[in-house]
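The values are calculated or read from the model by the stated rules, or taken from the named source; none is laboratory data. Keep in mind it's a predicted model, so treat the numbers as computed, not measured. So basically every Cβ, Gly included, is an ideal-geometry build from the backbone, and we count neighbours across all protein chains shown.
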Amino acid sequence: MSSAPKPREVFIQGVTKDGRTFRPSDWSERLAGVMSCFRPGGAPGGPGAHIGYSPLCVPRVINGVKCVIVNESLRELEPMAWDFVMNFAKDNELQVAEACLLPDKPE
């Protein structure tokens, strides 16, 4: 029995290709905020629906570097949203890596 492969994730790092820290300092929260409505099953409705990030595009700090982790299933859900985040990284010459984020160890 083979299971479907887990979607990969793309890490857009807040470091330019020439090694400079990308500014403004809240870029990752802004980018993820713009993408917050792109969710599996659509955008939630009701009070507070605008609060929170999409699980497909989340800001993180990894080893002291601000990043946005974009799940490749966003490409299937909304190709234009995928293109937007990938073009953001390209236009700003940000370092991009493909990987799979491992879950935290249970405590």
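Residues that are at pLDDT 95 or above, in contact with a Gly (Cβ under 9 Å, 6 or more places away or on another chain) and surrounded by 17 or more Cβ atoms within 10 Å (Cβ to Cβ) occur at least once in region 16-25. For region 45-66, what are the residues that are modelled with pLDDT of 90 or more and either surrounded by fewer than 10 Cβ atoms within 10 Å (Cβ to Cβ) or over 17 Å from the mean Cα position of the chain (by Cα) (or both)? Asn63, Gly64 - these are the residues of region 45-66 that are modelled with pLDDT of 90 or more and either surrounded by fewer than 10 Cβ atoms within 10 Å (Cβ to Cβ) or over 17 Å from the mean Cα position of the chain (by Cα) (or both).
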